[in-house]
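Engineer: Have a look at this one.
All of the numbers you see were taken from the coordinates with simple rules; none came from a lab. In this text, all values refer to a predicted model and were calculated from it rather than measured experimentally. For neighbour counting, all protein chains shown are included, and Cβ atoms are generated from backbone atoms with ideal geometry for every residue, glycine included.
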Amino acid sequence: MAGTLKKTHPRQGAQESAAENMNDLQHDIALMQRIADKDESALQSLYAACGQRIYAYALRLTNDPALAEDVVQDTLVAIWRSAKKFRGDGRLIAWLLGIVHHTALKALRRKPALSLSPEMENTLPAHDPLPEETLEANEQTCLVRSALNQLSAEHRAVLELVFYQGMSLNEAAAVCNCPVGTVKSRLSYARKHLRGLLSRTEEI
Amino acid sequence: MNVHDPDTIALYAAGQLTADEAAAVESHLTDCADCQDELAFWRELGAEINTSSAALPPPPDLAERALKQIHAPSPLQRAWRQSAALLRSQFVLVRREMWAAAAAFMVLVVIMALLSDHTGFLTGLAPMLAAATLAAIYGPQNDPASELALATPTSPWKILLARLSIVSAYNLVLSLAASLALLAIIPADLLGSIVLAWLGPLAFLSALALLLSLWIGTANAITICYAAWLLHYIQPSEIFGAWAPSLQVWDAFLTVYRQFWESPILLLGLSAAVVALALVSSNFPEQVINQRRA
């Protein structure tokens, strides 16, 4: 599981030995085979290895810890049922995050109060950081955080995939089930939007 | 690739450029303040995303919760299991002597029909037997466990529906078996019309007996149902023929009334409505006089 745990950035990943990557992939395929054979301990070791990244992505998309837990739970159930569909064409973590992405967007659609359109979200007042958040993070970090929260789930998804999850643009496109061009334009839109918000607040 | 482009800097900050492209961007960065500013923005954003995502420990029990959900039966399976359990539990609560008594009565009916070579015994008596059995399936007069049943989380209408299903199914089987036995005296192609002749009345009388037993008690329910059923056999003009000119209205009514008992579809539709009414009224104990009378 070392391969999926390690934050392999695409470029850094290229520097790693090809043999090691191949071993990781073999390991992941074997693990998914065990899950496909209904081995419960295999699902638990998958969660132990990838749970943090799966949960972080679900939380980034939903912005709601309770909903994120539901999404992860539903994702694990979906993995249990479709584990045999993982053929090792790409990294396991990208395949897993694709399921999280699909599940989270479905959950957001089901909760209309939470799934505001980007236009509507833009008109919302920035989420006020809690007092303890203010204490532990400096003012600028809070500004960035609240600006991030004003982006739509799709735009936050691209940022999270490219930065924290270390996905290449192609992998991010596969996770979001959209063309690479869309990932690029979302990145560009997120940049403009965040820069606009942050410069405006700086002026004030 | 245009190195002096915010989108290029974004890809550089995200580590998405090849080594050659990254080197080109780096050499451009040394003497472009705008792009340095751009990179600083992305570094800050990336740091915030990375720290906030890494700061969140995943709930430890989610794998167990998912496995529990995986092992949980589907809603349909659960509904089937609950229904089967309810039917089993109610089956033992129906008065035990009812099964044997009803079967013995039906055997008698078949014997009489065979001896007299007359199917009217079956079509006339099967609905009455069914009404009697259904009038006695619910309420404190008939069910020693009814107080207990009322205190269980299963709602009264479900209990009633379960018993109704069990006893009605039994009545149907008995009557069908009796109809088959009558094949000894009737041609096979008449079987369908025999079944239709008792099916509608059986369903409607059963439903009526059930509803009335909830409202006014078992004995009253049986009396009223039997009166309603036997009424359609009466021929007043034959009995009181000599001084009967004023009975013509009554005669006309009885003609319509007999047609009513001979319309299976109408009777089945009405039975469904009456059963629905009985199920609803079983949920309002205050209105169910019978239950308070013990």
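Engineer: Which whole DSSP H helices in chain B pass both tests: a Cα extent of 18 Å or more along the axis and a mean Kyte-Doolittle value no lower than 0.0?
Structural biologist: On the way: long enough: B:33-54 (31 Å, -0.36); B:75-91 (24 Å, -0.50); B:96-116 (31 Å, 1.81); B:120-135 (23 Å, 1.57); B:156-181 (37 Å, 1.31); B:191-216 (36 Å, 2.10); B:218-231 (20 Å, 1.37); B:248-261 (20 Å, 0.06); B:264-281 (25 Å, 2.42).
Membrane-span-like by this rule: B:96-116, B:120-135, B:156-181, B:191-216, B:218-231, B:248-261, B:264-281.
Engineer: Taking neighbour counts of Cβ atoms within 10 Å as a proxy for exposure, in what order, fewest first, do B:Trp261, B:Trp99 appear?
Structural biologist: On the way: B:Trp261 21, B:Trp99 15.
Sorted ascending by nearby Cβ count, the order is B:Trp99, B:Trp261.
Engineer: Rounded to the nearest 20 debye, what is the charge dipole size of segment B:6-54 about its Cα centre when +1 sits on each Lys and Arg Cβ and -1 on each Asp and Glu Cβ? Show your work: numbers first, answer last.
Structural biologist: Values: 1 positive and 10 negative charges, 42 e Å.
Dipole of segment B:6-54, to the nearest 20 debye: 200 debye.
Engineer: What does the C-alpha gyration tensor say about the overall shape of segment B:6-54? Classify as rounded when a/c is under 1.5, otherwise prolate if a/b is larger than b/c, or oblate.
Structural biologist: Numbers: a/c = 2.88, a/b = 1.54, b/c = 1.87.
Because a/c hits 1.5 or more and a/b fails to exceed b/c, segment B:6-54 counts as oblate.
Engineer: Arranged by the count of other C-beta atoms within 10 angstrom, fewest first, what order do B:Leu86, B:Leu45 take? The partial results should precede the final answer.
Structural biologist: Details: B:Leu86 18, B:Leu45 23.
Ranked by crowding around the Cβ, least crowded first: B:Leu86, B:Leu45.
Engineer: Sticking with this one: When the helix-only estimate is applied to chain B (DSSP H runs of n ≥ 4, each -39,500 (n - 2.57), divided by the residue count), what is the mean residue ellipticity at 222 nm, nearest 500 deg cm²/dmol?
Structural biologist: Rounded to the nearest 500, the figure is -24000 deg cm²/dmol.
Engineer: Further question on the same structure: Using a 10 Å cut-off around each Cβ of peptide B:68-79, what is the average number of partner chain Cβ atoms that fall inside? The partial results should precede the final answer.
Structural biologist: Details: counts 2, 5, 7, 1, 1, 0, 0, 0, 0, 0, 0, 0.
Counting other chains' Cβ atoms within 10 Å and averaging over B:68-79 gives 1.
Engineer: Out of B:Gln90, B:Gln248, B:Gln82, any idea which swings most in a Gaussian network model of chain B, alpha carbons joined below 10 Å?
Structural biologist: B:Gln248
Engineer: Once the Cβ-Cβ distance between B:Tyr257 and B:Val92 is put in as r, and R0 is 35 Å, what FRET efficiency do you end up with, to the nearest 0.05? Write down the numbers at each step before the final one.
Structural biologist: On the way: r = 40 Å, r/R0 = 1.14.
Calculated transfer efficiency: 0.30.
Engineer: For peptide B:6-18, compute the average count of partner chain beta-carbon atoms within 10 Å of each residue's beta-carbon. Don't skip to the answer; put the middle values down first.
Structural biologist: Numbers: counts 4, 6, 0, 1, 7, 5, 0, 3, 14, 9, 12, 2, 3.
Partner-chain Cβ atoms within 10 Å, mean over residues of B:6-18: 5.
Engineer: Out of B:Ala72, B:Ala55, B:Asn171, whose Cα points farthest toward the positive end of the dipole of chain B (charges: +1 Lys, Arg; -1 Asp, Glu; placed on Cβ)?
Structural biologist: It is B:Asn171.
Engineer: Peptide A:161-167: average number of partner chain Cβ atoms within 10 Å per residue? Please report the intermediate quantities before stating the final value.
Structural biologist: On the way: counts 1, 8, 11, 7, 3, 3, 2.
If you average over the peptide's residues, the count of other-chain Cβ atoms is 5.
Engineer: Determine the dipole magnitude for chain B: charges of +1 sit on the beta-carbon of Lys and Arg, -1 on that of Asp and Glu, nothing else is charged, the reference point is the Cα centre, and the result goes in debye to the nearest 20. Intermediate results must be reported in sequence, preceding the final value.
Structural biologist: Numbers: 13 positive and 22 negative charges, 582 e Å.
Roughly 2800 debye for chain B.
Engineer: Determine the shape class of chain B: with a ≥ b ≥ c the square roots of the Cα gyration tensor eigenvalues, call it rounded for a/c under 1.5, and otherwise prolate if a/b is greater than b/c, oblate otherwise.
Structural biologist: Taking the square roots of the gyration eigenvalues as a ≥ b ≥ c, chain B is prolate.
Engineer: Give the longest segment of chain B that steers clear of GluC sites (Glu not before Pro) in DSSP loops with at most 15 neighbouring Cβ atoms within 10 Å, not counting the sites themselves. Don't jump to the answer; show the numbers that get you there.
Structural biologist: Working: sites that count: B:Glu262, B:Glu286.
No qualifying site falls inside B:1-261, the longest such stretch.
Engineer: Right, here's the next one. Only counting other Cβ atoms within 10 Å, I'd like A:Met32, A:Met22 sorted with the fewest neighbours first.
Structural biologist: Values: A:Met32 23, A:Met22 12.
Ranked by crowding around the Cβ, least crowded first: A:Met22, A:Met32.
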